Amino acid sequence: MSRVCVLTLFGTNDRIRRRRDRHEENEVFFMITIEEAGVMLDEIADSLPQEFFRDLNGGIILFPEEKVHPRSVANDLYILGEYHHEKVLGRYIIIYFGSFLRVYHYLEGDRAKEKLRATLVHEFTHHLESLAGERGLEIQDEIGMQDYLQKQAIHIAPPTIE
């Protein structure tokens, strides 16, 4: 039984496949397709304890889009996955395949699967903490964001005038 819903927009898979097959200058070569990522996520989900899925009524959704973090300084920080807990739609996990392509386009096979596993387990940790009323990983994520913002501020700081 498939646990991952692969959502695609009209023409998205064709665009991804064409970009994967072309080898033009400045073109990114994608090592896995969205279909392969969906199969990998299914295998990963099947290997996780059944307790992880308690109250995850919306399941795992694989979106073809990339998502830039709203706090990204130079559109260089991508969201790989998100955990949602909403009154109407319930609890679900989104994995952004387009973001994986941007960040890990050079990975294939088991290495790509390891990154998908790490992201899915990260989002399940948010889910399990939400069920327990905890926020430890959310706090860690914010500390990581503050570290990123501080490094970006140092990196793009304007020169001082003496």
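The values are calculated or read from the model by the stated rules, or taken from the named source; none is laboratory data. Predicted model only: the values in this text are computed from it and were never measured. With ideal geometry, Cβ positions are generated from the backbone for all residues, glycine too; neighbour counts draw on all protein chains shown. Ligands, DNA and RNA are excluded from the accessible area calculation, which covers all protein heavy atoms including side chains. Shrake-Rupley method; radii C 1.70, N 1.55, O 1.52, S 1.80 Å.
Some points to look at:
- Subset of segment 45-98 [of a type in the set (Val, Ile, Thr), buried (at least 16 other Cβ atoms within 10 Å of the Cβ) and outside any strand (DSSP E or B)]: Ile79
- Single unsatisfied condition, Lys113 versus (1) over 23 Å from Glu36 (Cα atoms); (2) open to solvent by 50 Å² or more (accessible area, probe 1.4 Å); (3) touching a helix residue (DSSP H, G or I) at 6+ places or on another chain (Cβ under 9 Å): (1)
- Top-ranked residue of segment 99-152 - restricted to ones that are charged (D, E, K, R) and part of a loop (DSSP other than H, G, I, E, B), ranked as modelled with the lowest pLDDT: Glu108
- Test set (1) under 15 Å from the mean Cα position of the chain (by Cα); (2) modelled with pLDDT of 95 or more; (3) over 18 Å from Ala118 (Cβ atoms) - Phe53 fails condition number: (1)
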